[in-house]
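Novice: Mind looking over this structure? Questions follow.
Since every read-out is calculated from the coordinates, none of them should be taken as a lab result. Quick caveat: nothing in here was measured; it's all calculated off a predicted structure. Positions of Cβ are backbone-derived with ideal geometry, glycine not excepted, and every protein chain shown enters the neighbour counts.
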Amino acid sequence: MEITEAIFIANPVLVLAGVAVLSGGLWATINFVFGGRAKYGSIFTVWMYAGLPGIIKPLLGAIAIFAGVAPESFNIKNYAPTNIGAFLDPLATNKAIYTLATSLDAVTIWTLVLLGMGTAMVAGIRRSSGYFAVFGWWALFVSIGVGVTAAFG
């Protein structure tokens, strides 16, 4: 079995594990930093529902493949034109800038807005606090990713 097949088979478990860990971090942030009263299961559930718009990107990628996009121009790491990076040449663009550009994704921002809104509702806090927590963590992870890419990419 190839590594690609193993990752494909294990993907549902990996997604659940990732959401479980990230929900714990968001739960702690919402309750201890912003004074919310959310339960871990509620944050986990909100995260799973907020992630549903992520289905759009693979569908757009499949449409691109079946529409006959040239194989040499198809980028498996950025297969849907929902971010700025999809319109940049990955070989000619600085890798750190390309990483930042692909992070500015419409579907991801849509998911983060839903996550911030839902988190605020289940925690009983202001919406702005939910957005601040969610977008703050996202900005931290994007910054780390861009920094690692700039240092080693």
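Novice: Could you bin all the Cα-Cα distances of the stretch 69-137 into 10 Å bins starting at 0 and give me the percent of pairs in each, rounded to whole numbers?
Specialist: 20, 36, 24, 16, 5
Novice: While we're looking at this one, here's another question. In Å, the Kirkwood hydrodynamic radius of the stretch 30-102 over pairs of distinct alpha carbons?
Specialist: For the stretch 30-102, inverting the mean 1/r across all distinct Cα pairs yields 15.1 Å.
Novice: Something else now. For residue 95, list the lysines whose Cα falls under 19 Å from its own Cα; do not include residues on the same chain fewer than 8 positions away.
Specialist: 77
Novice: Can you give the direction-averaged projected area of the convex hull of the alpha-carbon atoms in the stretch 3-152, in nm²? It would help to have the intermediate numbers written out before the result.
Specialist: On the way: hull surface 40.0 nm².
Approximately 10.0 nm², given one-decimal rounding.
Novice: Return the distance in nm (one decimal) between the two label points of a simple spin-label model at residue 37 and residue 89, each offset 7 Å from Cα along Cα→Cβ.
Specialist: So the two model labels end up 5.8 nm from each other.
Novice: Taking the chain as a Gaussian network, where each spring joins two C-alpha atoms under 10 Å apart, which residue of 69, 21, 107 fluctuates the most?
Specialist: 69
Novice: Can you give me the distance in nm between label points at residue 45 and residue 1, each placed 7 Å from the Cα along the Cα-to-Cβ direction?
Specialist: About 3.3 nm, to one decimal.
Novice: How much of the calculated P(r) for the stretch 27-71 lies past 15 Å, in percent of all Cα pairs? Walk me through the numbers on the way to the answer.
Specialist: Numbers: 606 of 990 pairs.
So the pairs more than 15 Å apart make up 61 percent of the total in the stretch 27-71.
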